[in-house]
1. Could you list, ordered by first residue, the pairs with Cβ atoms under 8 Å in which the first is in region 155-170 and surrounded by fewer than 22 Cβ atoms within 10 Å (Cβ to Cβ) and the second is charged (D, E, K, R), at least 6 apart or interchain?
2. State all residues of region 229-242 that are outside any loop (DSSP other than H, G, I, E, B), open to solvent by less than 40 Å² (accessible area, probe 1.4 Å) and not aromatic (Phe, Trp, Tyr); if no residue qualifies, say none.
3. What tally of residues in region 52-73 results from selecting those that are out of contact with any Pro (no Cβ under 8 Å at 6 or more places or on another chain) and open to solvent by 10 Å² or more (accessible area, probe 1.4 Å)?
4. Which of the following residues is closer than 22 Å to PRO152 by Cβ and among the polar types (S, T, N, Q): THR212, THR287?
5. In contact with a Ser or Thr (Cβ under 9 Å, 6 or more places away or on another chain), closer than 17 Å to LYS238 by Cβ, free of Cβ contacts under 8 Å to residues at least 40 places away in the same chain and among the aliphatic types (A, V, I, L, M): does that describe ALA313?
6. Go through region 100-116 and give me each residue that's crowded, with 23+ Cβ neighbours inside 10 Å and touching a Lys or Arg at 6+ places or on another chain (Cβ under 8 Å).
7. Under 8 Å between Cβ atoms, which residue pairs at least 6 apart in sequence (or on different chains) link something in region 363-378 that is open to solvent by less than 60 Å² (accessible area, probe 1.4 Å) with a partner that is part of a loop (DSSP other than H, G, I, E, B) and at pLDDT below 95?
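The values are calculated or read from the model by the stated rules, or taken from the named source; none is laboratory data. This structure is a prediction, so every number in the text was calculated from the model and none was measured. Using ideal geometry, Cβ is built from the backbone for each residue, glycine included, and neighbour counts are taken over all protein chains shown. What goes into the accessible areas is simple: the full protein's heavy atoms, side chains included, and nothing from ligands, DNA or RNA. Shrake-Rupley method; radii C 1.70, N 1.55, O 1.52, S 1.80 Å.
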Amino acid sequence: MSGPLSGLRIIEFAGIGPGPFCGMMLADHGAEVIRVDRASGGRGGSQPITTKDVLARGRKSIALNLKSEEGVALARKLCASADGIIEGFRPGVMERLGLGPDELLKDNPKLVYGRMTGWGQTGPYSPYAGHDINYIALAGALAHFGRKGEKPTPPINMVGDFGGGGMMLAFGMVSALLGVARGGAGQVIDAAMTDGTAVLMSMMHGMKNTGTWREDLGVNLLDTGAHFYDTYETADGKFVSIGSIEPQFYAELRRLAGLAEDSDFDAQMVPANWDALKAKLTALFKTKTRDEWDALMEHTDVCYAPVLTMSEAAQHPHNTARETFIEVGGDTQPAPAPRYSGTPTARPTAAPMPGDQTDAILADLGMDEDQRTALREAGTVG
């Protein structure tokens, strides 16, 4: 692999969702990521195991039976050869397997041990199950996603699982690995999705502290309260987005929408007027198709974009010009991001099936063919 993390080895204990996303980020940027799958071929969760799994791309896979002493010993040996590990089990699971931080940092004092859970390793909620919707609810984020008069709406599972969880753990891993590279010791990272989600809300907390954000749903500048920061349906049942916050961008919106002479729109920042102005814009945007609005407002300073589906986004001229989406194994998926001028990332490889590289990884650990055969026959590896 190429990329700024080239030369680093990360061991990923297979899980679902945000853990694989963290592994994908590290692999995308050049790290050698070896995923420890189950010797039975499973990976946990209800999603089918397939090479089309975008979150599992760019990996190597070894299949181990972690219920056996031999499998745990192999996992420890693998972790001793690594710069970092990531795991997303409930608190205590890795300790019960004999793979907790005490054991692995004893084997490898420079190891960065990344742990990610919804609630964190400590706290009253820590032993219990949860999902993204619960984590962002407790973190004080979900209460602010939605429209006035409606109930809070989960933003898929992007905020807790991926933004506050997987991305935050990836950032923590790189930060701690940088510390080791500068002469520091290995350490444990406790990445809680509740903590990460709270951090993602930092700007809103700052606005609340200065009195410019109300805790009511859908009445603020950025939460669909304002008429100039929202989505609108078009004549063909599609949608466009408007973010004309600054005065010059708002003036451009009014000019291109034919509203420059409508004095109702003069008092842009008076919340009491927003509902009435939103009703006017709602009616206006329904008078043209999305393509017609694109022709009028794309490539201007309105702060405008069509609201695209995943399939549409992959075909949009801007995204194709930047190769924002690529094909891996015949399937369209997002390209690695961000981009580097000096250490460009390589095109990812498709997700491996569990245990695809078991033999090669064991050979890299110094095991000959007879030893590898014995481990397979014993069910220690898959």
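1. Sorted first by the residue in region 155-170, then by its partner, the pairs are ASN157/ASP132.
2. If we filter region 229-242 for residues that are outside any loop (DSSP other than H, G, I, E, B), which is where we start, we get 229-233, 239-242.
Cutting the leftovers down to open to solvent by less than 40 Å² (accessible area, probe 1.4 Å) gives us 230, 232, 240-242.
The answer is ASP230, VAL240, SER241, ILE242.
3. Here is the first cut: in region 52-73, the ones out of contact with any Pro (no Cβ under 8 Å at 6 or more places or on another chain) are 52, 62, 64-73.
Okay, now just the ones that are also open to solvent by 10 Å² or more (accessible area, probe 1.4 Å), so 52, 65-70, 72-73.
Number satisfying all stated conditions: 9.
4. Numbers: THR287 fails: closer than 22 Å to PRO152 by Cβ.
After applying the criteria, what remains is THR212.
5. Values: in contact with a Ser or Thr (Cβ under 9 Å, 6 or more places away or on another chain): yes; closer than 17 Å to LYS238 by Cβ: yes; free of Cβ contacts under 8 Å to residues at least 40 places away in the same chain: yes; among the aliphatic types (A, V, I, L, M): yes.
Yes; evaluated as a whole, the condition is true for this residue.
6. Within region 100-116, just LEU104 meets the criteria.
7. Taking only residues 6 or more apart or on different chains, the pairs are LEU375/MET367.
Residues are listed down the side, and each one gets a yes or a no for (1) open to solvent by less than 10 Å² (accessible area, probe 1.4 Å); (2) out of contact with any Pro (no Cβ under 9 Å at 6 or more places or on another chain); (3) over 30 Å from GLY166 (Cβ atoms); (4) among the hydroxyl-bearing types (Ser, Thr, Tyr):
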site	(1), (2), (3), (4)
MET204	no, yes, no, no
VAL219	no, no, yes, no
HIS227	yes, yes, yes, no
SER244	yes, yes, yes, yes
PHE249	no, yes, yes, no
